[in-house]
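Remarks on the structure that follows.
Here, each number is a calculation from the coordinates, and none is a lab measurement. These figures come from a predicted structure and were not determined experimentally. Don't worry about glycine lacking a Cβ; one is built from the backbone with ideal geometry, like all the others, and counts go over all protein chains shown.
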Amino acid sequence: MSFFKKVFSKVGIGAAKVDTILDRELYRVGEPLDAIVKIKGGSVEQQIDALYFSMHCNYLGERENAEGEEETVTRTATIDQFKVGESILIQPGEELELAIDMEVPWDAPLTFGGTKIWLQTGLDIKSAIDPGDRDYFQIQPDAMQANVFQALEDLGFQLVEATCEEVGGNWRSRLPFIQEFEFKPCAGPYYRRLDEVEVVFNHNGDYVEVLMEIDRRARGFSGFFAEAFDRDETLARFTVGEESPEEVFEMIQHIIEDNL
């Protein structure tokens with residue numbers, strides 16, 4: 001074996017390559033994610049100690065810059081990860097295929113707005129640069145989340161922004177961020193009566209907990225002062241499970257009416 005081939009493979013030149021092919025590009029939370037992993041040997045024999053997978057997304061956070069001012073930065077969160085620990089000895093030019101299956105976590109964010117989600121595949125090769133592969137995919141709302149979105153749309157609201165933002169405090173989440181969905185009333189009974197409605201989901205599989213912030217429009221001097229002191233915003237918390245779309249519509253309508 002050439003000395004130079006050995007050296008080059010350690011820095012990624014002529015090393016084994018990995019390519020993961022997802023069974024589709026569109027998933028829902030809780031659904032299985034199946035894929036075929038293709039590994040192709042490089043110019044030298046290599047020992048692959050493990051094959052690992054991690055699911056990631058981007059979110060917005062804050063940091064202090066050199067001038068001491070807060071600035072918004074994009075960070076990466078690991079949503080899920082697992083490892084296939086079977087050791088593989090791959091020969092030069094050899095091609096292998098492995099089938100894997102994992103599940104999209106219930107608390108994975110939806111790919112609305114600028115949120116991107118990807119699966120990272122890597123090979124654990126001793127004393128060598130880790131060859132990896134990144135595959136983007138999309139996550140749609142499941143039936144419970146979709147019923148909330150549909151109810152708001154039927155009430156005249158339009159989704160205008162969806163962001164994943166860093167969060168601390170007492171919010172019950174294993175992830176370092178929450179995903180906020182901002183709706184504006186564009187028609188219907190709440191047009192010119194509300195500024196916006198913001199929604200956050202906390203999904204556990206059996207039901208989805210919804211935190212909804214209702215932002216009332218300022219009306220007159222009392223409304224102006226309420227808005228100035230953030231007292232025009234009301235928080236409501238409720239759960240959605242097996243209810244029909246009509247029941248979810250009535251639930252959300254009553255909550256908004258009670259907080260006007």
For segment 14-44 versus segment 177-202, the gap between their alpha-carbon centres in whole angstrom: 38 Å
In segment 3-140, lysine pairs closer than 27 Å at Cα, eight or more apart or cross-chain: 25
Residues of segment 130-165 with amide N under 13 Å of the 7 Å Cα→Cβ point at GLU243: 144-152
Vicinal HN-Hα couplings computed from phi for segment 246-260 (Karplus, 6.51 cos²θ - 1.76 cosθ + 1.60; Hz; Gly/Pro x): 5, 5, 5, 4, 5, 4, 5, 4, 5, 4, 5, 4, 5, 10, 7
Segment ILE100-LEU235, length gained on full extension (0.36 nm per residue, minus Cα span): 44.4 nm
